[in-house]
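Nothing in this text is a laboratory measurement; each read-out follows from the coordinates by a stated rule. Because the structure is predicted, anything quoted here is derived from the model rather than measured. Here the Cβ is made from the backbone with ideal geometry for all residues, glycine too, and neighbour counts use every protein chain on show.
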Amino acid sequence: LSADAERSITVLGATGSIGSSTLDLIKREPGRYRVQAITAGRNAGQLAQIARAVGARVAVVADADAYRDLKDALSGSGIEAAAGADALVEAAEQPADWVMAAIAGAVGLRPTLAAIERGATVALANKECMVCAGALFMRRAATSGATVLPVDSEHNAIFQALTAGPREGVRRVILTASGGPFRTWSLEAIRAATPQQALKHPNWSMGQKVTIDSASLMNKGLELIEAHHLFTLPPSEIDVLVHPQSVIHSMVEYTDGSVVAQLGAPDMRIPIAHCLAWPHRLDWPAPRLDLAKVRELTFEEPDLVRFPALGLARWAMERGGAAPTVLNAADEVAVAEFIAGRIAFLDIPALVEATLGAAEKRGLLAEPTTVEMALAIDHDARSLARDLLPEFAVKAS
Ligand code: NAD
Ligand code: MG
């Protein structure tokens, strides 16, 4: 594909943080991209507005009850409207060369897999695909010939750094972590952290779930598992390093002692631009990295006592099978409960750990070999987590 050939694109999760950043890049070069399908969870009004602005052919809302609103909001535009879980999968099946998979959570599994199975180039933001069913997704991509490009800034950095040498020359990868808003807080202070405090990320502006996960370091844990599958790396070759400035997005260490890093301003449009133009480079007015202004890059070891989620995720990665699927499901339940003010911040890892224990006892940790199996485990793990909730719920005084 030449650098200036027209590309048809689909954006799954178009109303979200990653979806908006993707559309921001696309709108800069109107003649270059043709938008096939865009999707959203339930915000029909916002989706219709975006569909009109980018001239999408199809707009799909996951919530079937929002169909009427979407249809009305699109009337006279010639844009097709659809709703429901199957319509979401059909949106991914539409013929687009390039698909941004940016739905948040395990609900993104089926649509993303549909794009992979038809051999599309898939820009993967939905890390849950790798966490819940990574081995399965990578096998399907190999069979269909799909290209999976990592959007997550760390994995995008590793993807770029891996072009510096042959695979057998890789000694390890080093995932960097900002450390989140509680990096310097005491365990007692973290215990009492409120949702507002956890939602204030020092460097990145992101969706709620991934922001809370960044504060607990669960996000880095999910990213360990994501790296394990995306790059077929053994757990022992993936390390985490806290780097508060978020300038180095990750690194690859080679056997000869060379360490290759990717740097950039902390703006998700930079890794998205890399995926959008790959294997070429997008020329756009990106926020520039001014290292003289940054002045200092610092590093520290992650603290597994104050941030137990990272240790749990590593355990799940090493345990393999469905342990990461259960970890992710329990974390989705726990984060929603924390945001709603029903459990405390450190109850997030505690509930995840208890759910992993309960799932292991019930023999629920066998490797999912189909997406239906991964979704069934996800479903069961959520009920286990909900059953365990009363043990953690903040007591009414
Ligand atoms: P977000 O919450 O801002 O947006 C999520 C999108 O998914 C929205 O379009 C929403 O309408 C849609 N959605 C939500 N529930 C849905 C459902 N039930 N069915 C269908 N669609 C639904 O999230 P985000 O921050 O853009 O993150 C998207 C994904 O990218 C996540 O997997 C996240 O971990 C990953 N990611 C995000 C960032 C970031 O900077 N935001 C960085 C790295 C990775
Ligand atoms: Mg990341």
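What is the distance in Å between the Cα centroid of segment 319-397 and that of segment 79-139? Comparing the Cα centres of segment 319-397 and segment 79-139, I get a distance of 23 Å. Pairs to check: 71/220; 71/127; 71/200; 220/361; 220/293. Give those whose C-alpha atoms are more than 29 Å from each other in this structure. From the list (71/220; 71/127; 71/200; 220/361; 220/293), the Cα-Cα distance tops 29 Å for 71/220; 71/127; 71/200. Here, segment 7-150 has an Rg and a Dmax of 14.0, 44 Å when only alpha carbons are counted. In this rough spin-label picture, where each label sits 7 Å from Cα along the Cβ direction, the residue 315-residue 194 distance is 3.1 nm. Work out the P(r) tail for segment 270-382: percent of alpha carbon pairs separated by more than 24 Å, whole number. More than 24 Å apart: 50 percent of the Cα pairs in segment 270-382. Over segment 185-301, the alpha carbon radius of gyration divided by the compact-protein estimate 2.2 N^0.38 Å works out to 1.21.
Loop only per DSSP, at most 14 neighbouring Cβ atoms within 10 Å: give me the GluC sites (Glu not before Pro) in segment 291-397, ordered by residue number. Could the numbers behind the result be given before it?
Values: sites: 296, 300, 318, 332, 337, 353, 360, 372, 391; in loops: 296.
Qualifying residues, ordered by number: 296.
Excluding residue 13 itself, calculate the net charge of residues whose Cβ lies under 15 Å from the Cβ of residue 13, where each Lys or Arg counts +1 and each Asp or Glu counts -1. Counting the neighbours of residue 13, the net charge comes to 0.
Extension gain, residue 164-residue 256: 0.36 nm per intervening residue step, less the Cα-Cα distance, totals 31.9 nm.
Rounded to a whole number, what is D in µm²/s for the chain from Stokes-Einstein with the Kirkwood radius over alpha-carbon pairs (25 °C, 0.890 mPa s)?
Working: Rh = 21.5 Å.
It diffuses with D of about 114 µm²/s by this estimate.
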